[in-house]
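Participant: I'd like to ask some things about the structure below.
The values are calculated or read from the model by the stated rules, or taken from the named source; none is laboratory data. Bear in mind that the values here come from a model prediction, so they are computed numbers and not experimental data. Every residue, glycine among them, receives a Cβ derived from its backbone with ideal geometry; neighbour counts consider all protein chains shown. Keep in mind that these areas ignore ligands, DNA and RNA; they rest on the heavy atoms of the full protein, side chains included. Shrake-Rupley method; radii C 1.70, N 1.55, O 1.52, S 1.80 Å.
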Amino acid sequence: MIILRSVLFNTLFYANLIIRMIVLTPIYFLMPRKAAYAIPKAWAKSSTWLMEKIVGTTFEVEGLENLPKGSFIFAPKHQSFWDTFALLPYLDDPVYILKRELMWIPLFGWYAGKQRMIPVDRSARGKVMFDVLKRTREELATGRQLIIYPEGTRRPPGAEPVYKYGIARMYRDLGIPVVAVAMHPGLFWPRRTFRKYPGHIKVRILPPIEPGLDPDVFFARLIEETEKASDQLLVETIAENPHLPIPPTAAQRLAEISKTKPVTAAV
């Protein structure tokens, strides 16, 4: 049943994306930019609804009260394609810094361009990065929220964290709060496989780290707080979803946690 439901979900997920993009394109591009964000946000909600109804995967978001008003950096753990869209409806006006190659994709690139996403050539240095920072400041000046994945790429649940120092530079240069987010959607929507698993995803939004800290101090705090919350959620999620296949990285991390002090659930 896992295979059948996964195939059905994957088919409907991408059909839902492509059909919505094609059918709603005229409306999307005639609407004002921020108002047009309702269309991708509605797609995100419909996608999580499909996953609930077909696969049996639900989710909840804890800590919404921790989201500041106005501009901030939203810094989630990144394990799955799920976490690139599922939280969009909870942010007012998010903006991504993304690979410039994504802007070349028909329809997707046009939609991203409409929302003034910020493309970057990851191999570039110097003036290109200065221009990216300039564009980012311009977007944040209008009250938008910048989404940055601190580890840069998807990591398996429980994998040793590999944070990129770039977020510390952005924190220093932009002077806005950073909101870390812990979650383990990779247990339900793993990378590099079509299989999806039923269960309940918990997303935990942590209190913001206010601007003004030394970048090194901020970076150490971000890692410590995010990984502590991630360990708590890993224990909780696997305990509450005992049917899930546990990837080797998660099993190893659970063994490491059990050898140190117990990780208790957050109240």
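Participant: Scan region 81-96 and report the pairs whose first residue is open to solvent by less than 20 Å² (accessible area, probe 1.4 Å) and whose second residue is among the acidic types (D, E) and assigned to a helix (DSSP H, G or I), with Cβ atoms within less than 8 Å and a gap of 6+ or a chain change.
Facilitator: The qualifying pairs are V95/E139.
Participant: Further question on the same structure: With the structure loaded, tell me whether P207 is at pLDDT 95 or above and surrounded by 14 or more Cβ atoms within 10 Å (Cβ to Cβ) or whether it fails that test.
Facilitator: Considered against the rule, which asks whether it is at pLDDT 95 or above and surrounded by 14 or more Cβ atoms within 10 Å (Cβ to Cβ), P207 comes out as no.
Participant: Then there's this: Are any of the residues in region 178-191 of a type in the set (K, R) and either open to solvent by less than 40 Å² (accessible area, probe 1.4 Å) or touching a helix residue (DSSP H, G or I) at 6+ places or on another chain (Cβ under 6 Å) (or both)?
Facilitator: No, region 178-191 contains no residue that is of a type in the set (K, R) and either open to solvent by less than 40 Å² (accessible area, probe 1.4 Å) or touching a helix residue (DSSP H, G or I) at 6+ places or on another chain (Cβ under 6 Å) (or both).
Participant: Kindly indicate whether any position in region 119-137 is over 27 Å from L254 (Cβ atoms) and in contact (Cβ under 8 Å) with a residue 60 or more places away in the chain.
Facilitator: Checked region 119-137: no residue is over 27 Å from L254 (Cβ atoms) and in contact (Cβ under 8 Å) with a residue 60 or more places away in the chain.
Participant: Does I238 satisfy the condition of being touching a helix residue (DSSP H, G or I) at 6+ places or on another chain (Cβ under 8 Å), in a helix (DSSP H, G or I), within 30 Å of L8 (Cβ to Cβ) and among the β-branched types (V, I, T)?
Facilitator: yes
Participant: While we're on this one: Scan region 157-181 and report the pairs whose first residue is within 12 Å of F218 (Cα to Cα) and free of Cβ contacts under 8 Å to residues at least 24 places away in the same chain and whose second residue is part of a loop (DSSP other than H, G, I, E, B) and of a type in the set (F, W, Y), with Cβ atoms within less than 8 Å and a gap of 6+ or a chain change.
Facilitator: Every condition considered, no pair remains.
For every residue, the table says whether it meets (1) out of contact with any Lys or Arg (no Cβ under 9 Å at 6 or more places or on another chain); (2) under 17 Å from I73 (Cβ atoms); (3) hydroxyl-bearing (S, T, Y).
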residue	(1), (2), (3)
D173	no, yes, no
H200	yes, no, no
P207	yes, yes, no
A220	yes, yes, no
S230	no, no, yes
P242	yes, no, no
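Participant: May I pose another question? Can you tell me which of R221, R204 is basic (K, R) and touching a helix residue (DSSP H, G or I) at 6+ places or on another chain (Cβ under 6 Å)? Lay out the reasoning, then the answer.
Facilitator: On the way: R221 fails: touching a helix residue (DSSP H, G or I) at 6+ places or on another chain (Cβ under 6 Å).
So the residue among R221, R204 that is basic (K, R) and touching a helix residue (DSSP H, G or I) at 6+ places or on another chain (Cβ under 6 Å) is R204.
Participant: Are there strands (runs of 3 or more DSSP E) fully within region 55-171 with at least 1 residues that are among the charged types (D, E, K, R) and at pLDDT 95 or above? List them. Even if it seems obvious, please write down each step before you answer.
Facilitator: Values: elements: 57-62, 73-76, 94-99, 118-120, 145-147.
Because the criterion is at least 1 residues that are among the charged types (D, E, K, R) and at pLDDT 95 or above, the strands (runs of 3 or more DSSP E) in region 55-171 that meet it are 57-62.
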